[in-house]
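First up is the structure itself, then whatever we jot down about it.
Quick note: the coordinates plus some simple rules give every number you see, no bench work behind them. Given the structure is predicted, the values throughout are model-derived calculations rather than measurements. For neighbour counting, all protein chains shown are included, and Cβ atoms are generated from backbone atoms with ideal geometry for every residue, glycine included.
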Amino acid sequence: MIWRKLEQRIAVAKDRPAVIHGGGELTFAELSDRVAAAAAALPEPTGPRPWRAVIRQRNPLDLLLQVLACWRQGFSAAVLRDSMTDAQVADIAAWLEPAARLEGPPPPSLAIAASPAPGSLGPRDEALVICTSGTTGTPKLVALPAESVCLNAATIAGALGITAADRIAVNTPLGYMYGLMGGCMASLWSGASCRLFAPGAPLPELQAAIRREGVTVVQGPPSLFRIFLGYWNGEPFPGVRTVTTGGEPLGSDLAAGLARAFPNARRLFLYGMTEAGPRISHLSFDAGGGEDACVGVPYEHFEWRLDPISGQEAGRLVLRGPSMFLGYIRHGGGYEGLDAEGFFHSNDLMSLDPDGRLHFRGRIDRIFRSGGRLVNPEAVERVLVSQPGVEDAVCRAEPHPLLGLVPVAEVVMQPQATFDGAALREGCRSRIESHALPRRIVEAEPWSLAESGKRRRPAGPAG
């Protein structure tokens, strides 16, 4: 389903640049040939669906080619973040039992006569597996059907008004939905050009590309744009016509800075979640997007409601629709996470204004974003408590001028154990992604953790 839709775009746009990366570019026709070559490296599928291929790549072009190759052959692409530890990757691979693991670069070329015949994905066949909130420890694996990929690509492209004349900057990792769906798939769906940047590329490189290469669409979380403006020389980017951001509080200072940097751009505040594949709504800054955490109204293909929460003025957002996920992948197979009627009960709290627009009011759980990436405090705490000498731990968010929030931690040491914050941090490094690694670890008394609101509290004061 997905590849058949893309082939229609390729047929129309075959001689136009599809992907620009590393000083070179691929036309849509050349992209199709490279995808066919990558497809030839996939095994012949056997057994019942889903046929999963685990993909872990730092090079965004290689990752994109392998994802597209999976969809061409009817595989489900399980995309892992390149920042994951080897232990995390091994755990997920054992969990999914994939038909293939793709960690090396795909073949550079292949004679068309030797390319395998394309497979197929039905609308409700699993097409994409991507990690969500469990950014440390055991992650949740979100399984999305083929129609979710197609509907989100079309919805994002339509919402942004992307045309073949656009060049979209993709400088967020493709292991996250913002880069993969909001950037690459929306671009290819529209016959536009996708300008890929390596993960962690210096933001002056992005700024130079905007000026020299005719980039017209720029996207990223607020934390990225705060750093972007920190490097900015004050000269506007008049050629950019659309800027999108979301996932974190916007703030009036950042909104004003984006207006100065991109004076001719439509500036949109986005709302979504991985389980929705990912986009749910958007609202322009001019219409109040981002103000008081306003995210607009969900797109028409969603059924939604707000369920009341005891003691809260806001309600839990509940969603159903064709773009929603199949569920979280269970150990041993199958999915979970939807109720009997197919609704997903999110952890997002929302309120409605008189115009019927949603305002984000926080989360029922404790997860927060640091630099646009989710941090699960409970998972960080599990790793801390596994360290020698640690009796208990609490992780919480602390404000940061660029990243919005960063994780910090307090630990209670076992009797006779010596506290060494630097050693604890180093001991956690191999099991926690860098953005979730506590910036600071301090020693605390047992009763102070009980006052923090932590779910699992110490039994009582020591001594």
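In region 2-363, Cα pairs under 8 Å separated by at least six residues give a relative contact order of 13 percent.
Put the Cα centre of region 27-43 next to the Cα centre of region 47-71 and the gap is 12 Å.
Any idea what angle helix 222-231 forms with the longest principal axis of the chain, computed on alpha-carbon atoms, 0 to 90 degrees, nearest 10? Between the helix axis and the principal axis of the chain, the angle is about 80 degrees. Between amide H atoms placed 1.01 Å from N, distances below 5 Å from VAL19 occur with LEU26, CYS194, all of them 5 or more places distant or on a separate chain. Which FRET efficiency, nearest 0.05, do VAL385 and SER120 yield, Cβ-Cβ r, R0 60 Å? For R0 = 60 Å, the calculated efficiency reads 0.80. With the gyration tensor restricted to C-alpha atoms of region 1-101, the semi-axes of the equivalent ellipsoid amount to 26, 18, 9 Å, longest first. Taking the C-alpha atoms only, the angle from helix 203-213 to the longest principal axis of the chain is near 20 degrees.
Which listed residue (SER109, PRO278, LEU358) has the Cα farthest towards the positive end of the charge dipole for the chain, taking +1 on Lys and Arg C-beta and -1 on Asp and Glu C-beta about the Cα centre? After comparing all options, I get SER109. In plain terms, the C-alpha convex hull of region 324-389 casts an average shadow of 7.9 nm² when viewed from every direction. Dipole size of the chain about its Cα centre, with +1 on Lys/Arg Cβ and -1 on Asp/Glu Cβ: approximately 660 debye, rounded to the nearest 20. Annotation for region 195-238 versus region 379-402: alpha-carbon center distance of 33 Å. Placing a label point 7 Å from the Cα of ALA11 along the Cα-to-Cβ direction, the residues of region 61-96 whose backbone N falls under 20 Å from that point are 69, 71-74.
The label point for GLU97 and the one for GLN312, both projected 7 Å from the Cα toward the Cβ, are 3.7 nm apart. With one equal scatterer per alpha carbon and no solvent term, the Debye-computed log10 I(q)/I(0) for region 368-450 at 0.14, 0.16, 0.18, 0.19 1/Å reads -0.42, -0.55, -0.68, -0.76. Each of GLY327, ALA154, ALA208 was scored by the projection of its Cα onto the charge dipole of region 2-363, and the greatest displacement toward the positive side belongs to ALA208; charges sit on the C-beta of Lys, Arg, Asp and Glu. Taking 0.36 nm per residue of separation and subtracting the Cα-Cα distance, full extension of the segment from GLN416 to ALA90 would add 113.8 nm.
Amide H to amide H distances under 5 Å link ALA393 with VAL412, where only residues 5 or more positions off or on other chains count and H is placed in the peptide plane.
So for region 368-450, averaging the separation of alpha carbon pairs under 8 Å that are six or more residues apart and normalising by length, what relative contact order in percent results? This gives 32 percent for region 368-450.
In this structure the amide hydrogen of LYS140, modeled in the peptide plane, comes within under 5 Å of the amide hydrogens of THR132, SER133, GLY134, none closer than 5 places in sequence on its chain. By the count of neighbouring beta-carbon atoms within 10 Å, fewest first, ASP355, ASP348, ASP62 end up ordered ASP355, ASP62, ASP348.
Helices in the chain, meaning DSSP H runs of at least 4 residues, each add -39500 (n - 2.57). Divided by all residues, the mean residue ellipticity at 222 nm is -8000 deg cm²/dmol. Across all directions, the average flat footprint of the convex hull enclosing the Cα atoms of the chain is 23.0 nm². Coupling constants for region 406-420 follow from the phi torsions by the Karplus curve (6.51 cos²θ - 1.76 cosθ + 1.60, θ = phi - 60°), and in residue order they are 9, x, 10, 9, 10, 10, 10, 8, 5, x, 6, 7, 9, 7, 9 Hz; glycine and proline get x.
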